[in-house]
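Working notes, structure below.
What follows is calculated from the coordinates using simple rules that are stated; it is not laboratory data. Keep in mind that this is a model prediction, so the values were computed, not measured. Quick reminder, even Gly has a Cβ in these numbers, built from the backbone with ideal geometry, and neighbours come from all protein chains shown.
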Amino acid sequence: MNNTTTNTNTNNRAVVSLTTGLEDSEKVTVAFLVAVGAAESGRPTMMFLAKEAVRLAVTGVATGTACEGCPPLSDLLARYEAAGGRYLVCPLCFNAKHLDADALLPNATVGGTVPLWEWIGDGATTFSY
């Protein structure tokens, strides 16, 4: 592999798929730490939120601290947004929970698997939580 690959290369993309919400805040924290690390490293980064995780894309939901020594979720969300991280929120899950699209975080979009695959393009490094 060529070590001079730039961060704009679509093969440098990262996708973190998260299906867990605040019922397992430690898992959510780990997923966000991975996503923040990718985004702050200059990788185009997308978090695909499904099941209970869709609630995390609603303003004011992702709060609290998972464990002693863990960063607050609100800090991780702020860092992720500042680094250019994006969310793609499963429309089936979002609508089934009757959530308000007007309350989505500014870097979140409701979209399913087709937009996810379009964003991935020729490839991405993926993590699933």
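Overview of results
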| read-out | value |
| --- | --- |
| Approximate spin-label separation C67-L92, in nm, with each point projected 7 Å along Cα-to-Cβ | 3.2 |
| Test item: Cα-centred dipole of the chain, Lys/Arg +1 and Asp/Glu -1 on Cβ, debye | 220 |
| Among L104, L33, P91 - extreme Cα towards positive end, dipole of the chain, charges at beta-carbon | P91 |
| Cβ-defined net charge surrounding E81, 12 Å radius [Lys, Arg +1; Asp, Glu -1] | 0 |
| Whether segment 74-125 is rounded, prolate or oblate, judged on the alpha carbon gyration tensor where a/c under 1.5 counts as rounded | oblate |
| For the chain: relative contact order, % (alpha-carbon pairs under 8 angstrom, 6 or more apart) | 34 |
| Karplus-derived HN-Hα couplings along segment 58-65 (A = 6.51, B = -1.76, C = 1.60, θ = phi - 60°), whole Hz, x at Gly and Pro | 9, 3, x, 7, 7, 10, x, 10 |
| Contour excess over end-to-end distance, with Cα ends at F127 and V114 and 0.36 nm allotted per residue | 2.9 nm |
